[in-house]
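The next block holds one structure in the form of structure tokens; read it before the comments.
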Amino acid sequence: MQMSQPDATPGGYQPPAGYQPQGSYPPPPDGAYQVPGGAYQPPAAYQPPVADGAYQPPAAYQPPAGYQPPGGGYPPPPGYQAYGQPPQPPKKGHVGLIAAIVAVVLALGGGGFAAYWFLGRDGDKTPSASETKTSKKATKTKTKTPTPSPSPSPTPTETETPEPEPEQAELGVWYECGIGGDLEVWAVEGDYDAAVKAAEAWEEVGCGAITLVSKPLETMTDEVIAGVADGSGPDIVVGYPSQFRQWVPALTLIQLDLEPLEGVMAPNALASLGSYGVPFGAESVALVRNNALVQDTPATFQELVEQAKGAGTPESVAIDFVNGSIDAFKLYPLQSSFGASLFETDADGLLSGNFTMGGEAGHTFAAYLATLGSQGVLHDTTDGGGWDSFVIGEAPYYLAGSWEFEGLLGAGLDMTALAVPPAGDYEAVALSAADGFGITTATTQELAAQEFVFNFAVAPETSLEGALAVGVMPTNLEAQEALIYQEPAWEAFVDAMNGADMYGVDLLQGDIWTPWETTLAEIITGVATDPAAAWDAMAEQVAAATGVTTSSGITDTEFGDLSAYCDYLLSDESDVDTSDNQALLEKYQKMAELAPEGLQDDMEVMVKVYEYLVAQDAGDTNAQAEVTLEQAEAAADQEMVALDYCLATLFGY
């Protein structure tokens, strides 16, 4: 395997000065990960088709000894044409995509609009037949609406070591390639070690050679876009959610069929990269307890604080707050327990775009932070931070990130990892986002690249080893089970990730962390004398950085102020069934209502188009079109220009 790395150590968590990081958590002595239960039956290996439709592996290929695929396998994406119609940039609730499709239908004369022109112009024709902070948090995030607890918040469940089963089986092996080939993989330096694990597995089985290149975060995103454009780009990329959010609208990634991974991967993580990437791991946060100081944990965070104050230690709950910088990622479970989640979530558990961080819930959390600050529970320090305080026994609790926990295990403490208890009336939900593998449109070996991603990169063993190597929790469910069996204390981190507010790839994210963390620090230290006002000012900045639900601010266009118009198009309200002419009529009526003066006449034309189509659907044979073909085509063109302004706001181009 050819590897290329920068001289600098890849980015990632930097522990406090003097800390000696431990090696990766070792596997059992026999080298095979052990999971409870009977023999594991792996999912079928990817079986790409050949010209005659029947897959035939190379004659020399022999699958790993003992491997019995159950048949079937991962089919390539149905109907995907590698260099045909490029995938449309996704957006929340498919709204931008729907608007684009409607406009294209109008421009091309397809579907119901074709019927309009054949039937409506003369009324005598037949209708025609015919979609880092240390934790790399700057690249992650997502949210969901907390549900009020029907009863007092449950006591966090402590992790207990499971009884070994009489028989143990090796962790499932998926490694199999039918096409194989030499591939080039570019990995952001923080995920480089995870890519190494997958590349080693590919080469060990004899599928081909991997040229693996480590790229710095600061330059990789643009390098991939440029490389795909000029043909020098890689076959596969490995990166953070923030990078996928820029690669997708630039049309640098192919769409993948993720259905074969349903039930195999954590659902919220699997959905987080859309259909453009396969996630291998995601960060999480848990509460770690020093059992030498306290042996049980109350059900609420405030009760925990009171308990910890009686432990006779200088600190109660240690958290990273050093030289004025506090970790909002770690505090998020407490924030979400007040109902101040960053955004609501959709049915897949992904951030939906409805901003919920401001308002009364945020005010209540801000007041609570101010109280913790005045009590000295949270305070600034100039050396070490929460990590050092916990490791040397000065605090019974520590809010720890998954990227730190292996180092804590190496510190030799008697610890228990727990779910973060709520401070407010809602469940304490962590914040997360998934790192993943994507296949670029520059590849000339799409089927081999899919084999690498589906059969190797997110297989149980490589998912487990790769995720731990870069400080995230594996998204593969079998890998999670194996991890917990090895070390039960990981269970709290796995559970937090599986239930986290997961930041989706279709949300634009600017710099949310600077205003967020600065305000948290000012509230805790008392610099912000009015916590509610400080929170409101910060929430406005964070909302603007996400570019979704606050006013889009598109005022300087040839149409006039498009803010309200774009806000509607980028909301779930405008997500309608494109085969339902009545729904489309109502959508265009709303667009006409919100359109500025320079676009309003065009939207009125579109309203008349769909009024005619609805009348036709109702069987009105006397219905007549009130606009000409030229008027409708011109209106569709203007709609596309306005849509481009809206998408520019969403994707930041």
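Volume of the convex hull of the range 191-343 (Cα atoms only), normalised per residue: 208 Å³. Its relative contact order, with pairs defined as Cα atoms under 8 Å and 6+ residues apart, puts the range 388-469 at 13 percent. Annotation: residue 540 carries an accessible surface of approximately 130 Å², with a 1.4 Å probe and no ligand, DNA or RNA atoms counted. Counting every pair of alpha carbons in the range 423-522, the share spaced more than 19 Å apart comes to 59 percent. If you take every residue apart from residue 324 with its C-beta less than 10 Å away from the C-beta of residue 324, what net charge results, scoring Lys and Arg +1 and Asp and Glu -1? Value of the local net charge: -3. In this structure, the amide hydrogen of residue 258, modeled 1.01 Å from its nitrogen in the peptide plane, lies closer than 5 angstrom to no residue at least 5 positions away or on a different chain. Given a 1.4 Å probe and every protein chain left where it sits, what share in percent of the accessible area of the range 268-307 is carbon and sulfur? The C+S portion of the solvent-accessible surface of the range 268-307 is 56 percent. Solvent-accessible area per residue in the range 402-458 equals 22 Å², computed with a 1.4 angstrom probe and all protein chains kept. The string of couplings for the range 214-223 from the Karplus curve (6.51, -1.76, 1.60, θ = phi - 60°) is 8, 10, x, 4, 5, 10, 4, 4, 5, 4 Hz, one whole number per residue in order, with x for Gly and Pro. With both partners inside the range 178-329, how many of the DSSP beta bridges are antiparallel, as a percent to the nearest 5? The answer is about 15 percent antiparallel. Per the 1.4 Å probe, what fraction of the accessible area of the range 346-498, in percent, lies on carbon and sulfur atoms? Of all accessible area on the range 346-498, carbon and sulfur atoms account for 45 percent. Ordered from largest to smallest accessible area (heavy atoms of protein chains, 1.4 Å probe), the residues 330, 309 come out as 309, 330. Ligands, DNA and RNA are left out, and with a 1.4 angstrom probe the accessible area of the range 172-322 is 30 Å² per residue.
The values are calculated or read from the model by the stated rules, or taken from the named source; none is laboratory data. What you see is a predicted model, and the numbers here were worked out from it, not measured in a lab. Ideal geometry is used to build each Cβ from the backbone, glycine not excepted, and the neighbour counts take in all protein chains shown. The area values use the complete protein model at the heavy-atom level, side chains included, leaving out ligands, DNA and RNA. Shrake-Rupley method; radii C 1.70, N 1.55, O 1.52, S 1.80 Å.
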